[in-house]
Amino acid sequence: MTAKRLLASAALALGLAATAAKADPVSDFYAGKNLTIVIGYSVGGGYDLYARLLARFMGPNMAGAPTMIPQNMPGAGSLKSAMYLAQVAPKDGTVVATFGRSIVLEPLFSGAKFDPRKFSWLGSITKDSSLCVSWAASPIKTWDDLMTKGARMGGQAAGSDPDVYAQILKTLFGSNLKLVTGYPGNNEMALALERGELDGFCGLSWSSLQSRHRDWITDHKINILVKASAGGDDEIQAPQMIDKLTDPQKKAALGLILSTQAMARPYAAPPGVSAERLAALRAAFRKTIDSPEFRAEADKLGLDVAPVSGEEVEKRLAEIYAQPPEVVALAKQAVGQ
Amino acid sequence: MLDAAWSALLLIMDPMRLAIMLGGVVLGLALGVIPGLGGIVGLALLIPATYHMDAPSAFALLLGMASVTTVSDFIPAVLFGVPGTVGAAATVLDGYPMAQKGQAARAFGAGYTASLAGGVFGALLLGLAIPVLRPLVLYLGSAELLAFCLFGLSMVAVLSGKAPLRGLFVACLGLMLSMIGSDPETGTLRWTFDTLYLWDHLPLVPVTLGLFAVPELAEMAVRRSSVTRADLAGLSRSSQWDGVRDALRSWRLILRCSALGALLGAVPGIGSAVIDWIAYGHALQTEKNTEGFGHGDVRGVIAAESSNNAKEGGHLVPTIAFGVPAGASMALLLSAFLLHGFTPGPDMLTKHLDITYSIVWTLTLSHIMGALICLCASGLFARFALIRVGLLVPAVLAIVMLGGFDGSQSWGDIYAVAGFGALGFVMKQLGWPRPPLILGLVLGAMFERYLFITQELFGWSALARPVVAVVLAGSLWVILRPVLAATRRILANRALLLQGRGRPRLTLSVGFAAALLAVVAAGLVLSLDWPSHAAIVPQAAGFAALLFGTGTLLTEAFARKRSPAELAGEIGLAIRHVVDTPASGMDQVLGHARAWRFFAWLLAGVLLMCALGLLPGLVLAVLLISWLEFGERPIVALALAAGLGLAFFLLFDRLFNLPWPEAWIGDVWPWLRDATRLV
């Protein structure tokens, strides 16, 4: 054991002793308890991978070192878990949930009965960018091609990312692309691309491109036609979708949709968790994400990490919900709902 | 290539890895036996445990587990008529009657041999196909997938026995059921009745368990016995060898069904729930002397089991070559690949060829291990069938309920098991074929997706694609053969048919057909205000259902009254009328009363669960049913309920971290919910 590690463990032991001596009520509460992370999707997807990674490392960083339990609760595109968080989950701070980034728009778009602003937000593990890509062999190679050449773009279902972004291109930008919807998932669309059945598809997140299809970038198998994000993704060589708009109303509508990209892997506790426990949860969440072990493991799995604080998520949500009704209506129309 | 295969074999023959694989196999066998649980649960459980293993060991564990659940799912199917996974439903049809005839050992022998042969065949095919995997999979476009769907649906014609109208009617109902949920084209919520549960479509596991497991349990409750006892006593190795010999004699059937299973397994979306039925239909169509199918013909078991185990190798094809999982368990496996630093795709066939071959070897070895373990242990398994009915029925029913609940972890799953259980029981008693419902339900949604994509991308030119043309021609042959035969028969017996035609008769079957027609009509009315793209396929299915349903109704009402012997021949694939033709010494009134009471208890159980929480309600229901319905001593019933409750709690709560659904009692006393998380 090196001197540095010895020192560190001594400090840790001291710290532990200090917490024990102080008899912090938050630590006391969590000690020996389970802290459940409810995952709105089934095992194996991106949201699940992130949540299980968090669950592996967050326990020791949390006051009282509770046992972390990942629990899958798939249903209705993760709306089920959001509703569970809003209406059923205990409000004592022993349950945290993660769900789809665009679930926070559901109350605006489809009238789902919960208020995401009331959630006790821990924050998001990362930001993300949504891309429209085309296969290298396809005649669609640039943004202008995408607008004018009748590109055959794949889709999965109304409301899914590929469909939403293709609809945005049609309604806000007047693209003449042809949306071929019904593919069961991203993998099947990737296969259709390779077969030449499709020119491309939208709604491919930068993070899954990195982890699943890195060869697409390194071997120049695809063209990235456009990126759509809430900023902070200068490493992606593609035009930013919102910069292509001039009309302020349309810009506001697209901005509303894109702001969810800033909470790409969101985590929240139920409404009404006490301020001290929420503060402890937020601190542990951030400490875990910033820890070298977490970063190393995320890197191994090809998962992007760019934490967003709970406060920032709250701010974004306040902005979204302050938009005038006509902007909301335009956004709703743009995504095809 | 041979080098890679050889070095992969050395890799996997490492004693430590073999031990890990054996562990996986044992767990997989255990999961396969429990109805509703299978490879998916096992993978979710094991993947986190492989974080610190090297890749070949991890895959040895995961694949060893996942590939043998279809070996052991056969055991409850034979002993209790309860399929262990959705892939064993077709096995019930002949395996369970064999057990009732005292041939459980023979069924075991034949089933494991077929499983082993199928599993090895699938692995072999995967191994041989590796060099041509990518072009092969790239050749299958959306139009081809649509053609495969139609081929699967065409099997309805064979699986309906000699009641084609009923079969077509039921298949259309299945199609309609598959359309429940959010529509892929427009996002319209079709027939969801404002529930989140139906939003995601009806999950397959509770429906399969309801349709195939609950009716057998109800019949057990009526008969008050499980499998004929005397015969089980004679369960010896020798009769097991008879089964092995049966399977070896049918090697051609095994080869054909394995090939079918492996090929269909490679098609994403066509899962184990239909592959066994398609193979069963194939056996029915190509074998000679098929009158015994559905009454305990060993070839039915062999066909279903070999196809179902060959499927695993096929499933791996698109997963390895392209990273496109062919089913839910493969999607999980994919995440394990990524976890261990392998991106499925071209690299797996070049740079990581040794890993790919180690997967092939794992598949082969684990099937051998699984089959050998099962062959040696079947005597032990068979003892389960000797358990008294008063303990067996409540316990298995509780396991079926929880297994169904694992489908999507909602109350809806519980209602689905009970509802489809009642439906399945009525269908079975009246001689209506159930397999077409499953085929329609599984293939319907896929059919709709690829229909729109194909129409959008290819239009009619899709028919000119060679694979499409061949598969569609095959489907036509499957449909037309029985139809032509039936037409010939009708023409020959014209005179007979006209006899006795006159006043309509009101039978139970007529009433049942009328009730189903009313449901179809109500569904059609509800679909009127959907956008046209969302409505077109469900309405087409609905109108076809109306057509075939009316046809069924009229034939049933005006048909000549037939003798029971004729009826038995006509029903073919289905069905032993337990209630109407009771075992000796039991009168019909008692049989009917017991059947009614069984479903009343089922309803009471569901209500108890809704009120007191799923687990407490289930335990209480087991106690009450065992004690009051079957007359077990209270202390025995209590011990059973407590033991099951503890086992369920440890398994589902502690190990699987299942979220328990909210019950009434938790709404009334929220502190109870927060304290226990059970209600």
*Got a number for residues in the stretch B:276-327 being at pLDDT 90 or above and hydrophobic (A, V, I, L, M, F, W, C)?*
10
_Which count do you get for residues in the stretch B:123-153 that are within 14 Å of chain A (Cβ to nearest Cβ) and under 13 Å from B:LEU316 (Cα atoms)?_
3
*Any idea which residue in the stretch A:33-75 is nearest to the other protein chains (Cβ to nearest Cβ), counting only those that are out of contact with any strand residue (DSSP E or B) (no Cβ under 8 Å at 6 or more places or on another chain) and farther than 18 Å from B:LEU43 by Cβ?*
A:GLY75
*Quick one: is A:SER81 of a type in the set (S, T, N, Q), within 12 Å of chain B (Cβ to nearest Cβ), under 22 Å from the mean Cα position of the chain (by Cα) and over 26 Å from A:ASN34 (Cβ atoms)?*
no
*Among the residues of the stretch A:144-176, which ones are crowded, with 24+ Cβ neighbours inside 10 Å, closer than 22 Å to B:TRP199 by Cβ and either without any contact (Cβ under 8 Å) to a residue 12 or more places away in the chain or touching a helix residue (DSSP H, G or I) at 6+ places or on another chain (Cβ under 6 Å) (or both)?*
A:GLY155
_So for the stretch A:124-131 (the condition being within 12 Å of chain B (Cβ to nearest Cβ) and more than 30 Å from A:LEU278 (Cβ to Cβ)), does at least one residue qualify?_
no
*Got a sec? Which of A:GLY32, A:GLY44, A:GLY40 is farther than 30 Å from A:ALA322 by Cβ and buried (at least 23 other Cβ atoms within 10 Å of the Cβ)?*
A:GLY44
*State all residues of the stretch A:286-337 that are under 26 Å from A:ALA51 (Cβ atoms), away from every other protein chain (no Cβ under 14 Å) and small (Gly, Ala, Ser); if no residue qualifies, say none.*
A:SER291, A:ALA306, A:SER309, A:GLY310, A:ALA318
*For the stretch A:262-273, indicate whether the set of residues that are hydrophobic (A, V, I, L, M, F, W, C), in contact with a Phe, Trp or Tyr (Cβ under 8 Å, 6 or more places away or on another chain), surrounded by fewer than 21 Cβ atoms within 10 Å (Cβ to Cβ) and in contact (Cβ under 8 Å) with a residue 24 or more places away in the chain is non-empty.*
no
*Select from the stretch B:234-274 the residues that are closer than 21 Å to B:PHE151 by Cβ and not in a helix (DSSP H, G or I) and write down the one among them that is modelled with the highest pLDDT.*
B:ALA266
_Count of residues meeting criterion [of a type in the set (Val, Ile, Thr) and farther than 18 Å from B:GLY419 by Cβ] in the stretch B:167-207_ = 2
*Has the stretch A:88-105 got at least one residue that is under 22 Å from the mean Cα position of the chain (by Cα), more than 26 Å from A:GLN323 (Cα to Cα), in contact (Cβ under 8 Å) with a residue 60 or more places away in the chain and more than 12 Å from chain B (Cβ to nearest Cβ)?*
yes
_Hits in the stretch B:20-52 (condition: assigned to a loop (DSSP other than H, G, I, E, B) and at pLDDT below 85)_ = B:GLY36, B:LEU37, B:GLY38, B:TYR51, B:HIS52
*Show the residue pairs that are 6+ apart or on different chains and have beta-carbon atoms under 6 Å apart, the first residue being within the stretch A:298-316 and farther than 14 Å from A:LYS127 by Cα, the second being surrounded by 15 or more Cβ atoms within 10 Å (Cβ to Cβ) and of a type in the set (Val, Ile, Thr).*
A:ALA298/A:VAL305
*Members of the stretch A:106-123 that are of a type in the set (Phe, Trp, Tyr) and either more than 13 Å from chain B (Cβ to nearest Cβ) or assigned to a helix (DSSP H, G or I) (or both)*: A:PHE109, A:PHE119, A:TRP121
*Would you check which residues across the stretch A:39-80 are within 17 Å of A:VAL104 (Cα to Cα) and part of a helix (DSSP H, G or I) and list them?*
A:TYR47, A:ALA76, A:GLY77, A:SER78, A:LEU79, A:LYS80
*What strands (runs of 3 or more DSSP E) lie completely within the stretch A:151-245 and have 3 or more residues being within 11 Å of chain B (Cβ to nearest Cβ) and in contact with an Asp or Glu (Cβ under 9 Å, 6 or more places away or on another chain)?*
A:152-155, A:178-181
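Quick grid of which residues meet (1) under 16 Å from B:HIS533 (Cα atoms); (2) at pLDDT 95 or above; (3) more than 13 Å from chain A (Cβ to nearest Cβ):
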| site | (1), (2), (3) |
| --- | --- |
| B:GLY161 | no, no, yes |
| B:PRO164 | no, no, yes |
| B:LEU177 | no, yes, yes |
| B:ASP183 | yes, no, no |
| B:THR186 | yes, no, no |
| B:PHE193 | no, no, yes |
| B:TRP199 | no, no, no |
_Looking only at helices (runs of 4 or more DSSP H) that lie completely in the stretch B:296-412, which have at least 1 residues being within 17 Å of B:GLY84 (Cα to Cα) and either of a type outside the set (Ser, Thr, Tyr) or touching a helix residue (DSSP H, G or I) at 6+ places or on another chain (Cβ under 8 Å) (or both)?_
B:298-322, B:328-339, B:353-382, B:389-405
*Condition check for B:VAL442: buried (at least 24 other Cβ atoms within 10 Å of the Cβ), at pLDDT below 90 and not assigned by TED's automatic domain parsing to the domain that holds B:LEU628*: yes
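The values are calculated or read from the model by the stated rules, or taken from the named source; none is laboratory data. Not measured: the values here are computed from a predicted model. Note: ideal-geometry Cβ built from the backbone for every residue, glycine included; neighbour counts use all protein chains shown.
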